[in-house]
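**Student:** Dumping the structure here so I can ask a few things about it.
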Amino acid sequence: MAAKLKKGDEVIVLAGKDKGKKGTIQSVDPKAGKAVVEGINVAIRATRQSQTSQGGRIPKAMPIQLSNLSLVDANGKPTRVGFKIEGDKKVRFAKTTGDVIDA
């Protein structure tokens, strides 16, 4: 199945403790159905000090279910994603406005 949400997409959280917050997708794990979004679902992780990094309590963005995320359209509202064929390419488009997401 084609990916409706990809790395670099601007998304809004639909459910959970960060509901209503916006962020950019840093990575997607399609097999697990999760994505890591910058500044969303942040947990404090304790790390040991090493020669390269300082130890301590470091905030880290944890994965969030793809079903709890929605793409942000040109108006800044959440939208569902559809697919259509333009020329010889399959492109994603926002269902609310009909704008093509992929250029």
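**Student:** Of the residues in the range 30-46, how many are buried (at least 17 other Cβ atoms within 10 Å of the Cβ) and not polar (S, T, N, Q)?
**Tutor:** Count: 5.
**Student:** When only residues in the range 47-90 that are touching a Gly at 6+ places or on another chain (Cβ under 7 Å) and open to solvent by 70 Å² or more (accessible area, probe 1.4 Å) count, which is nearest to LYS21 (Cα to Cα)?
**Tutor:** If we take residues in the range 47-90 being touching a Gly at 6+ places or on another chain (Cβ under 7 Å) and open to solvent by 70 Å² or more (accessible area, probe 1.4 Å), then GLN65 is nearest to LYS21 (Cα to Cα).
**Student:** Need pairs with beta-carbon distance below 6 Å; first residue at pLDDT below 95 and within the range 25-50, second assigned to a loop (DSSP other than H, G, I, E, B) and small (Gly, Ala, Ser); sequence gap 6+ or separate chains.
**Tutor:** Close Cβ pairs satisfying both conditions: THR47/GLY55; ARG48/GLY55; GLN49/GLY55.
**Student:** Here is a further query. Take GLY76 and decide whether it is modelled with pLDDT under 95 and outside any strand (DSSP E or B). Give the derivation first.
**Tutor:** On the way: modelled with pLDDT under 95: yes; outside any strand (DSSP E or B): yes.
Spelling it out, GLY76 is indeed modelled with pLDDT under 95 and outside any strand (DSSP E or B).
**Student:** Can you run down the residue pairs with Cβ atoms below 8 Å, 6 or more apart or on separate chains, where the first is in the range 1-12 and at pLDDT 90 or above and the partner is of a type outside the set (Gly, Ala, Ser) and open to solvent by 80 Å² or more (accessible area, probe 1.4 Å)?
**Tutor:** Going by the 8 Å Cβ cut-off, the qualifying pairs are LYS7/GLN26; GLU10/LYS22; VAL11/LYS22; ILE12/LYS21; ILE12/LYS22.
The values are calculated or read from the model by the stated rules, or taken from the named source; none is laboratory data. These numbers were taken from a predicted model, which means no experiment stands behind them. Methodologically, a virtual Cβ is constructed for each residue, glycine included, from the backbone with ideal geometry; neighbour enumeration extends over all protein chains shown. When the accessible area is computed, the model is the full protein with side chains, heavy atoms only, and any ligands, DNA or RNA have been set aside. Shrake-Rupley method; radii C 1.70, N 1.55, O 1.52, S 1.80 Å.
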